[in-house]
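Trainee: Below is the structure I would like to discuss, written out as structure tokens.
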Amino acid sequence: MLKNHWTILRKQYALSVLKVVFDMCGIVGYIGNKEAMPVLVSGLKNLEYRGYDSAGFAIINKRIIIEKDIGKIDDVQKKINASLLKGFSGLAHCRWATHGNVTKENAHPHADCSNKIAIVHNGIIENYSELKEKLIQKKHVFRSETDTEVIAHLIEEFHKKLGFEDAVKNALKEVKGSYALGVACAEEPGKLIAARNESPLIVGKGKNGMFLASDIPALLEYTNKFIYMHDKEIAVITKDTINIFDLEGKKKSFKISTLNWSKEAAEKGGFKHFMLKEIYEQPRAITETIDERLKNGDVVFEKELNLTDDEILKIDSIKLIGCGTSWHAALVGKFMFEELAKIPTEVEYASEFRYRNPILKPNTIVMAISQSGETADTIAALKEAKKNGAKTISICNVKGSSITRVSDGVVYTRAGPEIGVASTKAFTTQLTVLYLLTILFSKKRKTLNDKQIKDMIYGIRKIPLQIASVLNEDFEVVNCAELYHKRTNSLYLGRGVNFPIALEGALKLKEVSYIHAEGYPAAEMKHGPIALIDEHMPVVFIAPHDIYTYSKILGNIEEVKARGGIVIAIATEGDKEIPKKADHTIFIPKTLYTLSSILAVVPLQLLAYHIADKLGRTIDQPKNLAKVVTVE
Ligand code: F6R
């Protein structure tokens, strides 16, 4: 089975770099010469990772027919009356609940009172209660608890006096919040309207019609020509035309981008889950991320970083912001920037940063880390930093995403589309970019000598092959998953650059297996968590050989063993001490200390995956989670 994965991966090395936009809730729209339902269903299935608690369809054919229900798309298809859904134009939606419970009534599409307007929405309407109150006073009758439904009624209200397009534009002028919208009107069945504000939305141009979608995989089967919509834009599409306007009705020019990447690349490629495929893609993803940035023994960021040598010399501090896994990457970045480039660095949750008054000196750089580039808190934090005059840089995986548009400089991780909700290859490529930036800053600021820089470059070049060897030798990981998948708690302990890896290992396990796990700096164990240790508690130590804390970690392992705990240790190949003390040792190849985190996280990703698989979890779509959190 492993060999099989590796063979598939070799083939995937040949695939081009993929870029895609992600968000929560999925939207698809089609208008053209073909029956709409097959297009909507296949498009929606490719978006299911964004939301999977309910789904629905609207077909526009003289009148609007809406069929929807709770459950995943396959279940919803069984529950609805598909024979009613015949026509050449339609909208579809898969939901991740924000306003209103998971009920059939709250599923999208939503309609106005007269069933003339149908709407699918991703985002949050902040002023929905006040709008709803006004509309109720005007005798509108609401059928759901969602914020979305107010837009349908608001459009209906304007449509009493205005045409469809103008009604949408005027309604949106009253709406505060984020939206990616697909709107249809029974009186103008030859038209669909798409609108965007702070939620990703694309328009696709095909041979047999036009499309709208939350992201690219939905449409790959039908077209490779896309228009990335901007905030406060409205696209009016017919089967042959696309026109884009601002909310004042002024026509805007737009660019059609042609993507030359294959549909297969966004599919599972023979792996049981996207998460596993993405774990196995890491050698390729890291190769792509370092490629072209390492030239003639030097790190080159061309213009993407948008920092002059003088600005690099003058940096007096860096603030790294992000959420979840990206925040863990930031913690590793802090370690590297301070240890090697000697730049004081602070890490903050984007959600906290945005509501404080952070001290930003004139030469502070604010760096946001985000896989999707659409995380609401990170976007807001970055905007706040910019407002306060800071120079902003983003490390992001998705070209053209919101974060990249508000940053002064953008460094792309080249991980390709990450579909599994649990982030894996995005994380290791984020660490790769942070490591490359550390080399660049250290060189320019002369905090490391030529030999040290050379060793660092040599070290990162070897990482893809070293990850490949970790992936090939996962026997002990699978064994641990078999032995401990029924445990209900676990601890992850690491130090220095590997403390964030303890946090990340624990987060991965929680997310996909629903087993409670905590990450701690190993030395903190004795200040509390040690009370939890007994023969039921697996403790994962991230303990690669290093000159800093290795001997201390050995002591911590002894402390756990003395209390009957089960020790799973990640150790450096050739380590003779750890296997004597630990119940299980998983080896990673020798590398520089700062790079050990990139290697050490891989077996932890696999451990979480295999445990979740043994428990039969819905690994790519864990309960309550969405790939991109576009809400606060
Ligand atoms: C964990 C995970 C989340 C994301 C977080 C930030 O596996 O995927 O914790 O890391 O929601 O998302 P991005 O990086 O897209 O801003």
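The values are calculated or read from the model by the stated rules, or taken from the named source; none is laboratory data. Quick caveat: nothing in here was measured; it's all calculated off a predicted structure. Positions of Cβ are backbone-derived with ideal geometry, glycine not excepted, and every protein chain shown enters the neighbour counts. Surface accessibility is based on the protein's heavy atoms, side chains included, excluding ligands, DNA and RNA. Shrake-Rupley method; radii C 1.70, N 1.55, O 1.52, S 1.80 Å.
Trainee: Taking a 28 Å limit on the Cα-Cα distance, which of the listed pairs Lys225/Lys268; Lys79/Lys225; Lys116/Lys205; Lys79/Lys160; Lys139/Lys169 fall beyond it?
Mentor: On the way: Lys225/Lys268 23 Å; Lys79/Lys225 34 Å; Lys116/Lys205 26 Å; Lys79/Lys160 34 Å; Lys139/Lys169 22 Å.
As for pairs spanning more than 28 Å Cα to Cα, those are Lys79/Lys225; Lys79/Lys160.
Trainee: Percent relative contact order of the stretch 268-470, based on C-alpha pairs within less than 8 angstrom and at least six residues apart?
Mentor: So the answer I get is 29 percent.
Trainee: For Ser253 and Asp309, compute 0.36 nm times the residue count separating them, minus their Cα-Cα distance, and round to one decimal in nm. The partial results should precede the final answer.
Mentor: Values: separation 56, 0.36 × 56 = 20.16 nm, distance 3.64 nm.
Between Ser253 and Asp309, full extension yields 16.5 nm more.
Trainee: Where a Cα-Cα gap under 14 Å defines reach, which aspartates and glutamates qualify for Lys303, not counting those fewer than 8 residues away within the same chain?
Mentor: Straight-distance partners of Lys303: Glu292, Glu311, Asp408.
Trainee: Where a Cα-Cα gap under 17 Å defines reach, which aspartates and glutamates qualify for Lys250, not counting those fewer than 8 residues away within the same chain?
Mentor: Glu165, Asp166, Asp231, Glu233
Trainee: How big is the gap, in Å, between the Cα center of the stretch 467-507 and the Cα center of the stretch 512-543?
Mentor: The distance from the Cα centre of the stretch 467-507 to that of the stretch 512-543 comes to 12 Å.
Trainee: With axes computed from alpha carbons, what is the tilt in degrees of helix 376-387 against the longest principal axis of the chain, rounded to the nearest 10 within 0 to 90?
Mentor: Rounded to the nearest ten degrees, it is 80.
Trainee: With everything on Cα atoms, drop me the angle between helix 149-159 and the longest principal axis of the chain, reported from 0 to 90° to the nearest 10.
Mentor: With both axes taken from Cα atoms, the answer is about 30 degrees.
Trainee: Which one of Leu493, Thr404, Gly416 is farthest out on the positive end of the charge dipole of the stretch 389-514, using unit charges on Cβ (Lys, Arg +1; Asp, Glu -1) and the Cα centre as origin?
Mentor: Comparing the listed Cα positions along the dipole, Thr404 ranks first.
Trainee: Across the stretch 473-632, how many lysine pairs separated by 8 or more positions, or lying on different chains, have Cα atoms within less than 16 Å?
Mentor: So the count of such lysine pairs works out to 17.
Trainee: Which three semi-axes in whole Å describe the equivalent ellipsoid of the stretch 473-632, each the square root of 5 times a Cα gyration tensor eigenvalue, listed largest first?
Mentor: Computed over the stretch 473-632, the values are 24, 17, 16 Å.
Trainee: Moving on to the next point. Among the listed pairs Lys295/Lys399; Lys277/Lys334; Lys191/Lys252; Lys104/Lys239; Lys239/Lys272, which have their C-alpha atoms separated by more than 26 angstrom in this model?
Mentor: Correct reply: Lys277/Lys334; Lys104/Lys239; Lys239/Lys272.
Trainee: Tell me what the chain gives for mean residue ellipticity at 222 nm when only DSSP H runs of n ≥ 4 count, each as -39,500 (n - 2.57), the sum divided by the residue total, rounded to 500 deg cm²/dmol.
Mentor: Counting only the DSSP helices, I get -10500 deg cm²/dmol.
Trainee: So how strong a dipole does the chain carry about its Cα centre when Lys and Arg Cβ are +1 and Asp and Glu Cβ are -1, to the nearest 20 debye?
Mentor: On the way: 86 positive and 77 negative charges, 226 e Å.
About 1080 debye.
Trainee: Excluding residues on the same chain fewer than 8 positions from Lys138, give the aspartates and glutamates whose Cα lies under 14 Å from its Cα.
Mentor: In chain and number order, the partners are Asp112, Glu130, Glu156, Glu157.
Trainee: Could you pull out the pairs from Lys62/Lys207; Lys176/Lys391; Lys314/Lys342 whose alpha carbons sit more than 20 Å apart here?
Mentor: Cα-Cα > 20 Å for Lys62/Lys207; Lys176/Lys391; rest within.
Trainee: Cα centroid distance between the stretch 276-301 and the stretch 214-240, in Å?
Mentor: 30
Trainee: Nearest 10 degrees is fine. How inclined is helix 475-484 to the longest principal axis of the chain, computing both from alpha carbons?
Mentor: Approximately 70 degrees, to the nearest ten.
Trainee: For Lys138 and Thr238, what is the calculated FRET efficiency with R₀ set at 35 Å and r taken between the beta-carbons, to the nearest 0.05? Before the final figure, lay out the partial values.
Mentor: On the way: r = 31 Å, r/R0 = 0.89.
Plugging the Cβ-Cβ distance into 1/(1 + (r/R0)^6) gives 0.65.
Trainee: Roll a 1.4 Å probe over the protein chains and send me the accessible area per residue for the chain in Å².
Mentor: 38
Trainee: According to a simple spin-label model (label point 7 Å from Cα along Cα-to-Cβ), what is the distance in nm between Asn115 and Gln452?
Mentor: 7.3
Trainee: Of all the accessible heavy-atom surface of the chain, with the other protein chains kept in place and a 1.4 Å probe, what percent is carbon and sulfur?
Mentor: 51
Trainee: Here is a further query. Compute the length gained on full extension between Lys361 and Lys623: take 0.36 nm times their separation in residues and subtract their Cα-Cα distance, giving the result in nm to one decimal.
Mentor: 90.2 nm
Trainee: What residues from the stretch 173-197 fall in the zone where the backbone N is under 20 Å from a label point 7 Å along the Cα-to-C-beta line of Lys34?
Mentor: From the stretch 173-197, the list is 190-193.
Trainee: Between the stretch 395-448 and the stretch 133-206, how far is it from one alpha carbon centroid to the other, in angstrom?
Mentor: Taking the Cα centre of the stretch 133-206 as reference, the centre of the stretch 395-448 is 37 Å away.
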